[in-house]
Amino acid sequence: MSQPEKFKKASRPTPTIEDYLMTMHVMERDFGEIVAARLAELMGVAPATVTMTLRRMGRDKWITGQSRREIHLTETGREAAYSVIRRHMLTEWLLVKIFKLPIFETHDEAHHIEHAISPKLEERMIEILDNPKLCPHGNPFPGHEDLTKDWVPLIEIPVSQEVIIRRIHEFVEDNQDLLGFLGKNRIAPGQKAQVVEILPFNKTLTIEIEGSPVTLGSSTAEHIFVEFPSP
Ligand SMILES: [Zn+2]
Ligand SMILES: [Zn+2]
């Protein structure tokens, strides 16, 4: 806060590094470790590109241990990751509330905008958007992870159980086709659903939403978190 504006600007990573930091933060937050192979998949780049970028990030002190095994965010790296994920989530809300974009169309748009937001603008966004603690997809702002800890992956829900969808994980957000599918089938935070069929041999789970069945692959159902309706 007390840092002069010039210093802050100079120390902000490039958009590419910011996107890596954001993905690394999500990995650490939810899976406890940063996996280089998974990074390549999520960032949509070749493993060799990831290796090069990790080396650069190690040199610039955003991470430690570029040996591909033990990658950790440094204190500075983590702060930079918090900052960009906050800007990403605030931008998502701006797009939903002000620009009236459907929640599944915000993710890519947010990536274009988030890197350009100054600390001053970020503060204004927090005010205008009433200090949100979850993004429109139900993922937690840094420091509010507790809000999501009681939500259960849809994959663990038994047949006939009614649930309320609460959270679509960031790693689903990175698949545009899947997002289109979820949007079309009204799978979104706050939506009521009921599990109607589970076919483990097929790796599918079918839920009913507003009377219509929707079949999901198990990897998608692992990334959708739900809550039981209060009795
Ligand atoms: Zn981005
Ligand atoms: Zn989101």
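For the chain, the longest principal axis of the alpha carbon atoms and the long axis of helix 75-97 meet at an angle near 50°. When the Cα atoms of the chain are aligned to their principal axes, the ranges along those axes come out at 56, 42, 29 Å in descending order. Checking the cross-link pairs Lys97/Lys184; Lys61/Lys120; Lys100/Lys184; Lys97/Lys192; Lys149/Lys192; Lys100/Lys203 against a 28 Å limit on the alpha carbon distance flags Lys100/Lys203 as lying beyond it. You can think of it this way: the chain between Leu147 and His112 has 9.8 nm of extra reach, that is 0.36 nm per residue less the Cα-Cα gap.
Could you tell me how many degrees, from 0 to 90 and to the nearest 10, lie between the Cα long axis of helix 119-128 and the main elongation axis, the longest principal axis, of the Cα atoms of the chain? Helix 119-128 and the main axis of the chain meet at about 30 degrees. Quick one: helix 15-31 against the long Cα principal axis of the chain, what's the angle to the nearest 10°, folded into 0 to 90? Approximately 50 degrees, to the nearest ten. Of Gly180, Gly143, Gly190, the residue with the greatest mean-square motion in the GNM of the chain, using alpha carbon springs below 10 Å, is Gly143. Amide H to amide H distances under 5 Å link Glu197 with Thr206, where only residues 5 or more positions off or on other chains count and H is placed in the peptide plane. Tell me the relative contact order for the chain as a rounded percent, counting alpha carbon contacts under 8 Å between residues six or more apart. RCO, the chain: 15 percent. Of the residues Lys184, Lys133, Lys192, the one that moves most in a GNM of the chain with alpha-carbon contacts below 10 Å is Lys184.
Each value in this text was obtained by applying a stated rule to the coordinates, not by laboratory testing. All values derive from a computational prediction rather than experimental measurement.
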